[in-house]
Structure formats: structure tokens, C-alpha cells
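The values are calculated or read from the model by the stated rules, or taken from the named source; none is laboratory data. Source: prediction; values computed, not measured. In this analysis, Cβ positions are derived from the backbone assuming ideal geometry, glycine residues included, and neighbour counts consider all displayed protein chains. These accessible areas exclude ligands, DNA and RNA; they are computed on the full protein's heavy atoms, side chains included. Shrake-Rupley method; radii C 1.70, N 1.55, O 1.52, S 1.80 Å.
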Amino acid sequence: MKCIQCNTDNNFKERIANQGRCKRCNHPFAFEPKTMGKFKVTDSFFNQVIKDISANNTLFFTYKQFLYFLEQRFKRKRFVNSNLFSSLAYLFLTILGLVWLHYSGLSIQSESLPLILVLAVWNFIWIYVLFKISNSPQLSLQVRRKGATELAIVGVFILMVGLFISFSSSSRLGYLVTATVGLSALWLGLVQKSRIAKISETFLISATQMEEWLNLWRRANGEVNLMLDAPTTGVQSYQSSSNQTPNLTAYSFDRLVVCDKDEIARMLIANNVHFETNCAVLGISGYPQPIFNITMEMLRRNPDLQVFALHNCSPEGIEIVHELRNNQGWFAGSNVVIVDVGLLPRQIMASAKTIKTMFVQKSDSSAQTAKNLTPQIRQNLSRQELEWLDAGYFVELESFTPQKLIRILQQSMAKSQAVAFGNEGADETSNSLSFEISFFVDSFG
């Protein structure tokens, strides 16, 4: 294992002999993978995770963002062996098996029932494994999508090669078996790809486990400077922090970003998004409390104000636009333009086909909350979106990295300008009686 200070490689015996320190620079190792359980953590791995989520130590991130990012890295590392069950491996092994059967004296042209059964069992094993990969809640969306794609490819291969063999041998049984297996695999693969946003994902590592690793890291290397306070320390502990809650009233803002979670608002402010995009950043709860009222007074005086709602894809998150439009503490009775950046279920469904990481979860409490949404909110959602929410699915913004969220927010602001001039990249909803205009961005990144 390499030392993160001097890059010297230390084997297990050397680490033990030197009381867990580097043999060259004497820097302590935070982790000892040889004595850990199923999750083998090294100092280099943990250090790289910190660098990657912070964009080379340039961006602040929340405690939960780090948990999500670490989870994704472990899934990528732990399930790299899923590549063994790829279409290329299947094609190679299947063709190799057919060649071996041919040269071993077993004629593929014959109507040998045992041969047909062996080939059918072989293909069913691959179909079953690939289906399990595409449907596993312990795998990332990227791996599950890959499994579904491989499943469809296997189905096409079975149809092409299997049917050719069946026709050349005039085997009616071979034709029926091959067609059934091939079409089943192709159908399963296409179905899995279409429902990828409805497959919930579970955590492999718990917050408790991550806290233990962080404590080990802190003892060896000090605090993770760019990680914002963990939720257990309380909201008030950072609402009054001068270094991460700047005097927003010192600026003149034409735009406002409202987040449904204070953690996201704090992360944006800590990364100077308010300065770089000329926008105020507030939480729907009234964060940051010390300057919330005076900031709102300043914003309400701006006739050209645009409001951007950034929220979880959850029943509580979707309520934010309704709250902004109808709450007297926000913009009730105003004709201010509100842009729903997301996350929305329609964005999840559209993005699940292309985006690499999308951590979709599911809970009974989220399902119950969705069913209790007001009719005004539910009528603005499509049937597919309501079904998705009512089933209990949700996605948290903190499952995305700071760099990703900031880029999405910047893109949404740019799209809002395009909407104003040509209605590109967003859908518009208007109420002619009150001249209220709202937009939702059609994709999330």
C-alpha cells in the first residue's frame, strides 16, 4: 500500500513492523485493508475519492454527497467482475463451445436432443445472470443498464446463430427452443432498459461505517477541510458561520436560487455560486436565517427577478414551486418568473437512459407523502410521474457531485435566457388570469 505523503510502497509486514506508519517518512496509515471486512479501504483510494468529489480540492461538498460518492466508487470497484458476464465473453465462449463440439465428433447438424438441451441450459444461465445484474438493487445504474444491454445482445445472437443452426439441420425442436430463448432474452433486455428508472438502489455502506472511516482518516491526516459539517451537528451550527454565509445584501441580484434542502443551499454558497452566477441562494426553510428577511426585501424590489427552484425528486421537493408561488413569505401575488430546475420525475425518466449515475431509492413513507400531495400539485404531473411518485421512488440532489449540480444550475440559467427569446430547452406553463409564468427544465444535466 502506497503512502499518500511520499508515495512509497509499504507491504503488510513493513506496515506492521513500523506500527502502521510509512517506512520512509513515518506518516501514519489511516487504514489497514488486511484487517478490514468486506470493504477493503486504502489511504490512496480514500484520498482519491476526496480529490475527485472536490474537483481536485477546489469545491466544498456535503457529508451526504461524500457518502453517495463513496458508495458509487465501491460499487464500481466491487462489481468490476460483472464484466465477465458481457456479450463479448458470451459470444467468445459460445462460439468456442460450438467449435469444440464440432471437432470433438458431435455433429451440430444432427437432431441430438442432449446437444440442444446443453445449449439451451448454457444460454439460460447467461440470461439469468444478466437479468439479475440488470435488476440488482446493490448495483449502480450504469452496471444495471449494461446488464440489460448485454441481455438484449445475447438474445439477438441466439436468434441469429441458433436459427441458422436449426434451419441447416432442419430441426423443428431446435427452431422452437432457439426462437423461445432468443426472443425471451431480447424482450427481457429491452424491458429492463425501459424500466431502469423504476429499479430502486440500496446502500452497501452505512453512514455509521463511513463515519468510522472518517474518524480513522482524521486521526492520521486531520480534518477533511472541504467537507461541510455533518447533519448530526445541526443546522444552526453553520447558519451563523461567517466564512460560508457571506453578506448577500452586498450584491445586486437579478436571480434567486431556492433549495428545498439547507445543505444544498449551503454547499452552493460555500462554492461562491452566488457570486459567479450573480444570484442569491436561499433555502425554502428560510436559510440563512440572519440575512433571510433583508435579502427577500431586496429581491422583491427587483422587477426583473428570476427564481430557480432546485430540489430533490421527492414529494416534498416537488412542493417547492407551489410554495414559492402561493406563500406570502415568498412570491404570492407576484408575476415573478419561476424556473423549476428539478429534479422532476420526468427528468429522471428521460435521463435514466443516458446518465451514468442516478441513485433511485424507494420508501413507503415517500409513497404516502406523494399520495397526500394537494390536487393543485398533482394535476401538474403526468400519469407516469404520479405512478412513479406514488410507488415511493425518490432521488436526492446530494447523490450528485457539487461540480455536477453547479454545472446543471448554470445550464438551467442559460436555458432560461433561451426560453425568454425562443422557448428552447424548457416547457412553459402560464396562467393568463394572474400573469404568472413558470418553466420547468426538460432535462437534468
- Please report how far the C-alpha centroid of segment 1-54 lies from that of segment 265-326, rounded to the nearest whole angstrom. 42 Å
- Of segment 188-224, those with amide N under 18 Å from the point 7 Å along the Cα→Cβ vector of K371 are none
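Counting other Cβ atoms within 10 Å of each Cβ, which trypsin sites (Lys or Arg not before Pro) in segment 1-58 have at most 10 and sit in a DSSP loop?
Working: sites: K2, K13, R15, R21, K23, R24, K34, K38, K40, K51; in loops: K23, R24, K38, K40.
Here the sparse-neighbourhood loop sites are K38.
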- Any of K198/K362; K75/K261; K198/K415; K64/K261 with alpha carbons more than 19 Å apart? Name them for me. K75/K261; K198/K415
- Message: If I ignore ligands, DNA and RNA and count only protein heavy atoms, how much of I406 is accessible to a 1.4 Å probe, in Å² to the nearest 10?
- Response: 20 Å²
- Item | Area accessible to solvent at F203, 1.4 Å probe radius, in Å² | 70 Å²
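Cβ under 10 Å from C22's Cβ, C22 left aside: what net charge do those residues give with Lys, Arg +1 and Asp, Glu -1?
Numbers: positive: K2, R15, R21, K23, R24; negative: D9, E14, D43.
Here the charged neighbours net out to +2.
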